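Let me begin by presenting the structure, written as structure tokens, before commenting on it.
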Amino acid sequence: MKNKLYKIAPSILAADPLNIERDALLAEKSGAYRLSVDVMDGHFVSDITFGSNIISELKKLVNIPVEVHLMISNPDHQIDNFINTGADVITFHYETGVDITNLTQYIKNKNVNAGLAISPDTKIENLTPYLKDIDEVTVMTVIPGKGGQSLILDCLKKIQFLTEFRKNESSDFLIQVDGGVKKDNITNVFNAGADIAVAGTAVFNNHSTVEDNMNALFDKLKV
Ligand code: DX5
């Protein structure tokens, strides 16, 4: 039985682009808490990845939740497209400069959980005005835009600020870490206080099967 205390969210960005259905089902079968889908627009970050159609199909395919990570400029302009996919969580970036309070409320009013992501160079204190409303905070531990990077350990220090705020303000937002999570650092990630860890290339790669990769991550977390 997978240790369900630890929530691992495989990132479809690292899946085989010609076999996303296969890889998504394998991830679900291997104990994934949810799927994470990185949407990139070629403007906020240099790559272009998935559109809303893939997310709609994934929602029909798997029984676990789907989180959409919008690495796009002007997320408010596109938000209805992604709300209409049936996504369970939509995460947008602080660095877009969008009206965070308004967009958060808009997403929540559509019965979708709202997540706020913060890039490595952004101070965590900047999120303070939004933490009472947001459902999740994603601490990026790599520069947004590419999978397969190395985790920036210093970013994990931001989690302490979040856990202290949560305790002092009786908030209940979830804390997600995204970027470079591997066997050799996943214990650090959860010990730092993360609730959810996104893992792309640690789960989907040519060295081993999805099941073996997921088990290797869970095995590292066994108490
Ligand atoms: C970066 C992406 C990646 C991805 C995870 O923009 O958001 O963090 O989800 O990929 P890995 O686990 O390979 O870093």
Within the set of pairs 6+ apart or on separate chains, which have a first residue in the range 20-48 that is free of Cβ contacts under 8 Å to residues at least 12 places away in the same chain, a second that is among the aliphatic types (A, V, I, L, M), and C-beta atoms under 6 Å apart?
-> Gly42/Ile48; Ile48/Met40
Restricting the range 167-188 to residues that are within 19 Å of Thr122 (Cβ to Cβ) and touching a Leu at 6+ places or on another chain (Cβ under 8 Å), the one surrounded by the most Cβ atoms within 10 Å (Cβ to Cβ) turns out to be Val177
The range 27-51 - residue that is among the hydroxyl-bearing types (Ser, Thr, Tyr) and closer than 16 Å to Ala87 by Cβ and, of those, farthest from the ligand (Cβ to nearest atom) = Tyr33
Checked the range 191-201 for anything touching a helix residue (DSSP H, G or I) at 6+ places or on another chain (Cβ under 7 Å), open to solvent by less than 20 Å² (accessible area, probe 1.4 Å) and touching a residue at least 60 places away in the same chain (Cβ under 8 Å); matches are Ala197, Ala199, Gly200
Go through the range 2-19 residue by residue and tally those that are of a type in the set (A, V, I, L, M) and not in a helix (DSSP H, G or I).
-> 5
If you take the residues in the range 152-166 that are out of contact with any helix residue (DSSP H, G or I) (no Cβ under 8 Å at 6 or more places or on another chain) and not charged (D, E, K, R), which one is most open to solvent (accessible area, probe 1.4 Å)?
-> Gln160
Which listed residue, of Lys59, Lys7, is touching a strand residue (DSSP E or B) at 6+ places or on another chain (Cβ under 6 Å), more than 16 Å from the ligand (Cβ to nearest atom) and open to solvent by 20 Å² or more (accessible area, probe 1.4 Å) = Lys59
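The values are calculated or read from the model by the stated rules, or taken from the named source; none is laboratory data. If you're wondering where the values come from, they're calculated on a predicted model, not measured in any experiment. Positions of Cβ are generated from backbone atoms using ideal geometry, with glycine treated the same way; all protein chains shown enter the neighbour counts. Protein only, heavy atoms only, side chains kept; ligands, DNA and RNA dropped before computing areas. Shrake-Rupley method; radii C 1.70, N 1.55, O 1.52, S 1.80 Å.
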